[in-house]
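The values are calculated or read from the model by the stated rules, or taken from the named source; none is laboratory data. The structure displayed is predicted, hence computed values, not measured ones. All Cβ positions, even for glycine, are placed from backbone atoms using ideal geometry, and neighbour counts span all protein chains on display.
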Amino acid sequence: MKRLAVLASGGGTDLQSIIDAVESGKINGKIVCVISDKEDAYALKRAENHSIRAEYVKRGESDTLLSLLKSLEVDYVILAGYLGILPEILIQTYPYKIINIHPSLIPSFCGMGFYGMRVHQAVYDRGVRFTGATVHFVDEGADTGKIIKQVVVEIDEEDTPETIQKKVLAEEHVLLPEVVGLLCEDKVTVRDGRVKIEK
């Protein structure tokens, strides 16, 4: 059984989707800790509600974060609405072991400054017909890691940035637990620069 640490900065709805999948047996893993860079993040409360260890680590305290993850002996680190930029030492310590979910179809509407409602507002302003969500490995860049899986969301003429966000979030809550489950079953590998998923 894989040991998982989830990093979240806000309400933690993506975190909740993972918790639910673990508790229902869809993920062969255990969330050993939820870590937030915001002391009052509701994600920490969600963890406590499910008897999961919850830790606040101030943004920029790289050594503290790395020491905590090492002490927990984690297999994977999952960024679920975590807004901090991870230090290079952390990424180098856990190559292809850190994943992130982004609320667009990377490489569109991603990178520095694109997070939360900013993404959906940009999607709306540009007038694209499709958006979606992407789960990718984390590397030293902003949303530049290898893509693991994506889901497409169609945008209707009557949609607003707020309704686009709701549509995408609903898909995130399916996509992220699915990818975490695949990782826990050792079905995700990187070969020749591309991610391969076993059937």
- Item | Scope the range 152-177; condition surrounded by 17 or more Cβ atoms within 10 Å (Cβ to Cβ) and free of Cβ contacts under 8 Å to residues at least 60 places away in the same chain; matching residues | Val153, Ile155, Asp159, Ile164, Lys167, Glu171
- Item | Hits in the range 13-50 (condition: part of a loop (DSSP other than H, G, I, E, B) and under 17 Å from Val135 (Cβ atoms)) | Lys26, Ile27
- Message: Which residue is nearest to His173 (Cα to Cα), if the candidates are limited to the range 51-63 and must be assigned to a loop (DSSP other than H, G, I, E, B) and of a type in the set (Gly, Ala, Ser)?
- Response: Ser51
- Item | Residue list for the range 56-78, filter: out of contact with any Pro (no Cβ under 8 Å at 6 or more places or on another chain) and more than 24 Å from Gly181 (Cβ to Cβ) | Tyr56, Val57, Lys58, Arg59, Gly60, Glu61, Asp63, Thr64, Ser67, Leu68, Lys70, Ser71
- Which of (1) without any contact (Cβ under 8 Å) to a residue 40 or more places away in the chain; (2) touching a strand residue (DSSP E or B) at 6+ places or on another chain (Cβ under 9 Å); (3) surrounded by fewer than 19 Cβ atoms within 10 Å (Cβ to Cβ) does Tyr96 not meet, given it meets every other one? (1)
- If a residue has to be in a strand (DSSP E or B) and surrounded by 13 or more Cβ atoms within 10 Å (Cβ to Cβ) to count, how many in the range 102-140 make the cut? 8
- Restricting attention to the range 3-12, the residues that are surrounded by 23 or more Cβ atoms within 10 Å (Cβ to Cβ) and in a loop (DSSP other than H, G, I, E, B) number exactly 2
- Query: Does the range 136-145 contain any residue that is among the hydroxyl-bearing types (Ser, Thr, Tyr) and under 18 Å from the mean Cα position of the chain (by Cα)?
  - Reply: yes
- Considering (1) modelled with pLDDT under 95; (2) touching a helix residue (DSSP H, G or I) at 6+ places or on another chain (Cβ under 9 Å); (3) of a type outside the set (Phe, Trp, Tyr), say which one Ala142 fails and leave the rest. (2)
- Message: Being of a type outside the set (Phe, Trp, Tyr) and out of contact with any Asp or Glu (no Cβ under 8 Å at 6 or more places or on another chain) is true for just one of Ser62, Ser36. Which residue is that?
- Response: Ser62
- Please go through the range 13-26 and pick out each residue that is over 15 Å from the mean Cα position of the chain (by Cα) and buried (at least 17 other Cβ atoms within 10 Å of the Cβ). Val22
- Index of the failed condition, Ser62 passing every other in (1) of a type outside the set (Lys, Arg); (2) touching a helix residue (DSSP H, G or I) at 6+ places or on another chain (Cβ under 9 Å); (3) modelled with pLDDT of 95 or more: (3)
